[in-house]
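In what follows, a single structure is set out as structure tokens and then discussed.
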2 protein chains.
Amino acid sequence: MPRKRATIREVAQATGLSPAAVSYALRGLQVSEETMERVRAAAAELGYEADPIARALASGRTGMIGLLCGSLEDLWQQSLAVGISRGLREKDRYALILDAFGDPARERALAQQLRDQRVDGLIVQPIDPAAGFWAELCESVPLVAIGDSVAGTASEVVFDNRTGVTLALEHLRALGHRRIAVLTPTRASTPDRPADRHVTAEADRLGLDVELTTAPHGLAGATSAAHDLLTGDKPSAVFCFADSIAYGVYAAAQELGLSIPGDVSVMGYDDHPMSGLLTPGLTTVDWDIDGIVRAAVRLMSAAADGGTRRRVMQKPTLMERGSVARLS
Amino acid sequence: MPRKRATIREVAQATGLSPAAVSYALRGLQVSEETMERVRAAAAELGYEADPIARALASGRTGMIGLLCGSLEDLWQQSLAVGISRGLREKDRYALILDAFGDPARERALAQQLRDQRVDGLIVQPIDPAAGFWAELCESVPLVAIGDSVAGTASEVVFDNRTGVTLALEHLRALGHRRIAVLTPTRASTPDRPADRHVTAEADRLGLDVELTTAPHGLAGATSAAHDLLTGDKPSAVFCFADSIAYGVYAAAQELGLSIPGDVSVMGYDDHPMSGLLTPGLTTVDWDIDGIVRAAVRLMSAAADGGTRRRVMQKPTLMERGSVARLS
DNA sequence: CCGTTTCAGTGATACGGTTCAGTGAACCGC
DNA sequence: GCGGTTCACTGAACCGTATCACTGAAACGG
């Protein structure tokens with residue numbers, strides 16, 4: 001049995017003060033220096049620790065931030081989540097990490113559940129940034145969107161996917177690739193993603209012949225999707241919209257006895273630490289994950305403290321390794 | 001401004017019942033079928049959703065499970081955390097994921113913070129299983145330990161590290177390795193870990209010459225530790241007590257122009273999905289992560305519902321790939 | 001010396017549910 | 001027809017804190 005914890009009333013009794021005074025004292029408000037000391041001492045004596053639940057009920061603040069990830073099968077998103085969770089801990093907040101499994105309907109349901117859980121704020125990497133409920137959600141909880149811009153008054157850490165896509169496709173084109181398969185993450189339903197539009201637009205501009213297919217983030221799923229892609233009339237290069245998916249291409253190539261970049265070139269997107277370790281190293285678009293983490297935490301702190309909306313733009317760089325061949 | 005939510009009292013008023021009746025009805029207790037329907041309808045009408053905070057205060061249950069990880073820099077532990085988080089979600093619980101950064105002191109502090117947060121249970125992958133406070137913690141919150149056994153009445157998913165170490169070392173010995181460096185995860189302070197003892201014991205038994213060094217889980221840190229190890233008079237094989245650390249050995253070997261397994265053999269421990277993708281594939285000790293996740297979730301559910309303590313033992317298997325050479 | 005601030009602290013109420021003891025009515029067997 | 005159950009529901013207390021409105025005393029300015 002959990003032993004009963006001391007309450008604020010007991011501390012009040014012990015010090016001969018009112019519960020209100022104790023409440024103030026413990027938060028360093030409105031009381032004399034001397035009283036504060038007395039209260040602190042009594043609290044320590046009794047092993048008193050304010051009950052976060054009761055505190056949350058009374059004050060309306062929980063100290064918890066919801067972190068809603070598009071798909072935690074993606075190793076890069078895992079890193080992002082871990083980083084943000086750490087960053088929030090440093091600001092004395094807890095992160096409640098949830099996974100939408102790439103499903104927009106689930107994303108919506110979880111976002112609302114988190115709000116009902118009374119989180120102080122919500123950090124989201126939206127699967128479907130065009131969905132209508134984001135704007136509405138901003139009304140009831142401070143929101144920070146990572147990746148794509150959403151409607152409403154959310155703060156945002158926006159990825160400049162336009163530039164990212166351009167970097168990738170121009171690099172492929174410069175090395176002589178014309179026929180390129182693009183693997184984008186599978187969604188339960190397929191919202192019209194801005195990033196996808198950039199791909200087709202840029203491909204048109206550069207005169208590339210691209211074909212979009214979807215693949216799951218998980219290694220097994222991505223491998224089988226890539227397997228299908230690489231059998232038969234295969235493209236000269238595969239551009240994966242997440243390093244995790246590119247890993248599947250490596251696995252499939254291995255299974256099929258194809259060499260990278262000899263038989264097929266691979267381009268990633270994210271730059272997960274493991275990408276540099278593969279043979280050959282994965283050429284990919286790097287997104288400075290630490291910068292994103294810091295920005296997200298900063299914007300969330302500001303928003304949760306009633307600050308104003310802000311928006312930062314994240315720029316990508318091309319990380320050239322060895323997975324893209326120059327076509328003769 | 002968050003619009004005000006409906007309260008149970010408003011639902012009561014709308015249905016002409018007492019708040020108590022509504023409370024029961026919504027949880028399917030003690031009321032007639034017909035009343036339940038009426039209450040459900042009224043609740044839906046008003047958009048009523050029970051406030052989890054108030055509920056937690058009154059009932060003493062939060063629906064939240066603390067998940068305290070040894071070090072989330074370890075990719076395998078990341079996967080484990082994500083898996084457990086998903087598993088708990090399926091049981092309508094939320095996971096509060098925290099990272100001890102490999103620091104026993106921090107582990108202790110976080111465990112207590114989580115208890116004070118009123119989590120319904122705590123899942124821990126203890127850094128220092130021998131620490132005294134685990135037993136005490138069991139008294140106040142249902143506890144599930146993963147990995148090593150802790151004192152007290154916790155449920156446990158214990159890894160048979162003895163067998164794991166034996167598999168690894170016997171394999172290395174069978175292939176002719178005698179001088180082996182062992183890289184164990186860095187701890188802020190170094191508690192006497194059972195796994196480390198197994199290593200020295202087994203090494204003695206097998207007549208191996210082992211040298212223990214520590215390395216961080218993060219790729220950068222592990223790489224530099226491995227770098228030191230591989231310069232100068234290097235061993236014929238490195239046994240890493242986490243695949244994440246082995247990744248650092250791969251990176252260091254690459255920097256130094258050493259070939260794996262030509263110049264040095266590497267053995268991992270965990271079997272992270274990426275391990276099969278490296279060149280050569282990492283020979284490692286596999287721990288059926290899905291089984292561990294399922295067991296942990298099951299034990300936690302049982303413990304949180306007031307069930308009895310249980311203990312399951314997890315068996316490893318050797319996953320032979322190509323990173324260990326046969327010495328002539 | 002008086003009117004106004006400031007300070008330190010109080011009492012009451014709010015937060016939004018859960019839960020326990022109790023109540024009247026219907027139902028039961030005999 | 002009567003004691004005893006069961007059923008469906010009620011009223012009130014309670015969970016442990018925050019916060020608002022207020023008060024007496026001290027400090028202050030002129």
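Taken together, the values in this text are just the output of simple stated rules run on the coordinates, not laboratory data. Quantities reported herein were computed from a predicted structural model and do not represent experimental measurements. Every residue, glycine among them, receives a Cβ derived from its backbone with ideal geometry; neighbour counts consider all protein chains shown.
Values for this structure:
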item: The stretch B:210-290: Rg to Rh, with Rh as the Kirkwood radius over Cα pairs; result: 0.94
item: Percent of C-alpha pairs per 10 Å bin, the protein assembly as shown, short to long; result: 3, 14, 22, 24, 19, 11, 5, 1, 0
item: Size of charge dipole - chain B - debye, nearest 20, with Cβ of Lys, Arg +1 and Asp, Glu -1, no other charges; result: 840
item: Calculated Rg and Dmax of the stretch A:1-96 using C-alpha coordinates, Å; result: 18.4, 56
item: Projected label distance in nm at residue A:263 and residue A:197, using a 7 Å step from Cα toward the beta-carbon; result: 3.8
item: Relative pair counts by distance (%), Cα atoms of the stretch B:52-145, 5 Å bins; result: 3, 14, 25, 24, 19, 10, 4, 1
item: For chain A, built as a Gaussian network whose Cα springs stay under 10 Å, the top-fluctuating residue of A:164, A:16, A:262; result: A:16
item: Fraction of beta bridges assigned by DSSP in chain A that are antiparallel (%, nearest 5); result: 10
item: Percentage, to the nearest whole number, of Cα pairs in the stretch A:151-264 over 24 Å apart; result: 26
item: Selection from B:60, B:151, B:246, by position along the positive dipole direction of chain B (Cβ); result: B:60
item: Axis proximity, chain A to B: residue whose C-beta lies nearest, plus whole-Å distance; result: A:279, 2
item: Length released on extending from residue B:320 to residue B:189, taking residue separation times 0.36 nm less the Cα-Cα span; result: 43.9 nm
item: Where N is the number of residues in chain A, Cα Rg divided by 2.2 N^0.38 Å; result: 1.26
item: Estimated FRET transfer efficiency (residue B:7, residue A:30; beta-carbon r; R0 35 Å; 0.05); result: 0.70
item: Teacher prompt: residue A:288 distances to equivalent labels in other copies, 7 Å Cα→Cβ, nm; result: 4.6
item: Ascending list, in nanometres, of distances separating the residue B:105 label from those of the other copies (7 Å, Cα toward Cβ); result: 5.1
item: Check: the protein assembly as shown dipole with +1 on Lys, Arg Cβ and -1 on Asp, Glu Cβ, in debye; result: 1420
item: Chain A: angle of helix A:161-174 to the longest principal axis, Cα-based, in degrees nearest 10; result: 30
item: Modelled FRET efficiency - R0 25 Å, residue A:204 with residue A:256, Cβ distances, 0.05 increments; result: 0.25
item: Ellipsoid equivalent to the stretch B:178-328 - semi-axes via the Cα gyration tensor, in Å; result: 30, 17, 15
item: Dipole moment magnitude, nearest 20 debye, the stretch A:177-328 about Cα centre, only Lys, Arg, Asp, Glu C-beta charged; result: 520
item: Cα pair distances in the stretch B:257-328, grouped into 5 Å bins until the bin that holds the longest one, percent each; result: 3, 15, 19, 15, 12, 10, 9, 7, 5, 3, 2, 0
item: Rough spin-label spacing in nm, given labels placed 7 Å along Cα→Cβ, for residue B:90 and residue B:59; result: 2.2
item: Counting DSSP beta bridges with both ends in the protein assembly as shown, the antiparallel % (nearest 5); result: 10
